[in-house]
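Read-outs throughout are calculated quantities, based only on the coordinates presented, and are distinct from any laboratory measurement. On a predicted model such as this, the values are computed, not experimentally measured, just so you know. Positions of Cβ are generated from backbone atoms using ideal geometry, with glycine treated the same way; all protein chains shown enter the neighbour counts.
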Amino acid sequence: MDTHFRNIIARIFEYIRGEGGSFDGLAKELFALQYERVEPYRRLCDLRHITPKDSRTIPAIPTNAFQEFEITSLPPDDRPNVFHSSGTTSSEPSRHYHNAESLALYEESLSHWFNQHLQPKQRMLALTPPPIQAPHSSLAYMLQSVQFSEPCFTGKAKNDAWIVDIDETLQFLRENRTPITLAGTAFSFVHLCDGIEPLKLPSGSSVMETGGYKGRSRELSKTQLHALITSKLGVPPENIVCEYGMCELSSQAYDTRAGQGGTRRFRFPHWARTRIVSPEDGSEVPLGATGVLEVIDLANVRSVLAVRSCDLAVRHEDGFELLGRTPLTESRGCSLNLA
């Protein structure tokens, strides 16, 4: 393993655990490494006349650059894991490559923040396929990784789509007598709730909902979806936690802690910072204004730490509110031409 990356990965581990370090210092150093080692990213920076030596702002690369290019510093023979985006209309999904060292950092990142928002000691029922059926799903990998006990997966991969095995899910729910964490995408919860009679999960159970319909079910507003979950599963709204993540990142945001209630705001951990920017000129929008979400994620060691999403968000002092996909998805907000 490259000694430069080994060194900075070790220090990012320490920073995640609160053992010292500076976000700005680590970000600047990682930017310099990625500028040197990730050729498509260097071309983007050069087109913008930005280099690590003279820049105060780290340029964000749009997510669909991960579809068009290999956004990685890893050589082809050191890419044992790759996560793909889901639901893309493109013939080529986004690809985020990992080796053993970057994957270990990814696991540290996702577990540390998950544990602060949900109940890691609860048994998990995942409405997704297991990683063996969905080896390129970062969500399936995450749900496998965060639990102290082995989760139960009742989703199935069928014809390049995910379905929920209603009978298997009901069997688990009827046999289980202790609080659980039920996790899945928005469309998987619609499929489940539409297919069952109302029941009540054990008191203290939580739901982790990851959003995303992608045309796979009827679409509900967040309020409608959570009301459906409460009516069919008996989980109160304050125990429903929304997670925001993507295959191009290595850290996730949550909008509340299980049982907390109150105003919902998405927040990333201290090793990932957000910018809500104008799609026109990339400047940060004022508080209360809407823009495109960018994330600077120190756990994205072997790709690019600054990523521009295709999602609109409202900037708040204590986090951000997610509005949905930007209408610029197929134009400059989420595209990259480095020819």
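Quick notes on this structure:
- Dipole magnitude for the chain: computed about the Cα centre from +1 point charges on Lys and Arg Cβ and -1 point charges on Asp and Glu Cβ, it is near 460 debye.
- Theoretical gain in end-to-end length, Arg79 to Phe172 [0.36 nm per residue, Cα-Cα removed]: 29.9 nm
- Packing rank of 311-317, 189-195, 13-19, where each peptide gets the mean count of other beta carbons within 10 Å, highest leading: 189-195, 311-317, 13-19
- Förster-model FRET efficiency, 25 Å R0, Ser283 and His316, C-beta, rounded to 0.05: 0.90
- Measure of compaction for the stretch 108-254 (Cα Rg per 2.2 N^0.38 Å): 0.95
- The antiparallel fraction among DSSP beta bridges confined to the chain stands at about 65%.
- Cα-based shape type of the stretch 1-60, given that a ≥ b ≥ c are square roots of the gyration tensor eigenvalues and the cut on a/c is 1.5: oblate
- Linear extension gain, Ser203 paired with Lys156, 0.36 nm per residue minus alpha-carbon span: 14.2 nm
- Computed helical MRE - 222 nm, the chain, DSSP H runs ≥ 4 contributing -39500 (n - 2.57), nearest 500: -8500 deg cm²/dmol
- Take every pair of alpha-carbon atoms less than 8 Å apart whose residues are at least six positions apart; their mean separation over the length of the chain yields a relative contact order of 17 percent.
- Under 20 Å, Cα to Cα: Lys pairs in the chain, sequence gap 8 or more or different chains: 6
- Per DSSP, loop trypsin sites (Lys or Arg not before Pro) in the stretch 127-187 with at most 10 further Cβ within 10 Å: Arg177
- Backbone N under 19 Å from the Arg56 label point (7 Å along Cα→Cβ), restricted to the stretch 12-36: 23-29, 31-32
- Packing order of peptides 281-292, 225-236, highest average first: 225-236, 281-292 (average count of other Cβ atoms within 10 Å over each peptide's residues).
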